[in-house]
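This report refers to the structure that appears directly beneath it.
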Amino acid sequence: MDSRNHTSIIDRKSNHCIVALFLLLLVGGLIGTVQAAGWPYEDETPAQRNARMAWWRQARFGMFIHWGVYAVPAGTHNGVKINRIGEWIMNRAKIPVAEYKEYGKQFNPVKYDPNQWVLMAKDAGMKYIVITTKHHDGFALFDSKVTDWDIVDATPYGKDLLKPLAEACRKHGIKLGFYYSQAQDWCHPGGAAIRKPAREGWDNPDADEIDAYTAEHDGHWDPAQLGDMDEYLRTIAAPQVREILTNYGDIAVLWWDTPTGMKTNKERADLFQPLINLQPGLITNNRLGGGYKGDLNTPEQRIPATGSDYDWETCMTMNDTWGYKSYDQNWKSTETLLRNLVDIASKGGNYLLNVGPTGEGEFPQPSIDRLKAIGQWMKIYGGSIYETTASPFARLTWGRCTKKTFINGATLYLHVFDWPADGKLLVPGLKNEVLHAYLMANFEKLETRSNESGVTVQLPVQALDPIDTVVVLKVSGELDIQQE
Ligand code: JFZ
């Protein structure tokens, strides 16, 4: 065999090896991108989880924004008010898809000013914003390539609402999160629908007929909603989650909601899990379905009696609705909202406080007023909320406590809601030596006395803040509290 032939055989063999190697790499790469199903953070170590959750735990306070086409009817359909939450108007009034889309033609938020929105959140002391990118009505606040039922194609406004918000968040150092209703979608065929009795939500003349239909059709009230759910998840929901996690820069939170038809269906949930890798460190909640717990529990409109070992975030409205209702004037007081924040922080949780903007793109004035008032308190006392951890006391009759612990001591923030008439504030069971005690707002030094009941702090006659005056105790050594 001449050397030429010999060489060509070697060439051929080495070519085959190169091709085989290339194919091996290609397949390996594909497997890598496809990423085995399951939650990407299932096996992270406690240290990895703590590092990923750190900013969120330190933040303690965020803004929820529920905004969409439902802000146009604003709780009234055909002149009749709906019961309950405004963003559910399509379901509550059993509005047919075509009729509901007429509201889309009136959605023209010309007063939308995302920079102002972000500044109002920041000035209130909020560190992150979670906005509805698509709620149960299936309307996308962003320019989606997989549907025309979105802000660009279905409204006179015609511009992506998320892009300028993402830019404003980046500009002002606020983390951005997206809410996405992954299963319920009352406008795209195959989207799920939680069944609500027709008469419960609206004075529906055809209630009995509608109830019979929704019973037969898994909660749906319009034939236009019927379709294959798996097809819907594959062609609308999963592609849209990819869009919102790809097109808007850094996204810190993905807030799933109502896993209807997928609570125990791991296969359906696994359609979404690989998408989480599109945003490094992405934090998600416990509402995807498929038995996945996500990163945090999400008590809604309530504050748990005690904290828990797993991260949690109470989401809450300022009045009684998430989406704007023109006539819901049942606003919680600033005192209630602030004390909720303190109560939640004292239990080691986060507070996601909601604003429901109008159809024109404005925050309701009562929301603006409350955000401003909260911000005034946070400017002075924010250090008693941010980066704190849960109270070491089982219960305090006069208020709450948050804390920061260090190697050789701790800082206790005593949130005094009820100012003692005699000026004597008992910190029950505290055994540590108090190095310093002072009013957080003006650093006025305070006298303390230790006794068998704990530590008594001598307060001035007047509280500095009628809602919550914070007293700071710097104590030495590891916290030593004798529980009652
Ligand atoms: C869901 C949404 O339906 C609602 O519109 C809003 O977005 C809220 C933050 O989340 O509300 C729920 C979700 C779950 C329950 C009740 C309301 N639940 O499990 O009883």
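The residues on offer are ARG370, ARG339, and the sole one that is more than 30 Å from TYR103 (Cα to Cα), under 20 Å from the mean Cα position of the chain (by Cα) and in contact (Cβ under 8 Å) with a residue 24 or more places away in the chain is ARG339.
Among the criteria (1) touching a helix residue (DSSP H, G or I) at 6+ places or on another chain (Cβ under 6 Å); (2) within 16 Å of the ligand (Cβ to nearest atom); (3) at pLDDT below 95, the one GLU200 does not fulfil is (1). Contact annotation: residue pairs with Cβ atoms under 7 Å, 6 or more positions apart or on different chains, pairing a residue in region 161-185 that is closer than 20 Å to ILE236 by Cα and more than 16 Å from the ligand (Cβ to nearest atom) with a partner that is part of a loop (DSSP other than H, G, I, E, B) and β-branched (Val, Ile, Thr), are LEU161/ILE151.
Counted as qualifying within region 67-134 are the helices (runs of 4 or more DSSP H) with 1 or more residues that are under 24 Å from TYR351 (Cβ atoms), out of contact with any Gly (no Cβ under 7 Å at 6 or more places or on another chain) and touching a residue at least 12 places away in the same chain (Cβ under 8 Å), namely 114-123.
Just to be sure I understand the filter: pairs with C-beta atoms under 8 Å, separated by 6 or more residues or on different chains, first member in region 412-428 and surrounded by fewer than 16 Cβ atoms within 10 Å (Cβ to Cβ), second member part of a strand (DSSP E or B). Which pairs pass? What qualifies is ASP418/GLY399; GLY423/GLN458; LYS424/THR456; LYS424/VAL457; LYS424/GLN458.
Scanning region 291-317 for residues that are part of a loop (DSSP other than H, G, I, E, B) and within 13 Å of the ligand (Cβ to nearest atom) returns THR298, PRO299, GLN301, ARG302, THR317. Could you check, for region 322-341, whether at least one of its residues is outside any loop (DSSP other than H, G, I, E, B), among the charged types (D, E, K, R), within 16 Å of the ligand (Cβ to nearest atom) and in the same structural domain as TRP256 (by TED's automatic domain parsing)? No, region 322-341 has no match at all.
Do we find that HIS136 is within 16 Å of the ligand (Cβ to nearest atom) and under 18 Å from ALA224 (Cβ atoms) in this structure? Yes, satisfied.
The values are calculated or read from the model by the stated rules, or taken from the named source; none is laboratory data. A quick note: this is a predicted structure, and the numbers were derived from the prediction, not measured. Quick reminder, even Gly has a Cβ in these numbers, built from the backbone with ideal geometry, and neighbours come from all protein chains shown.
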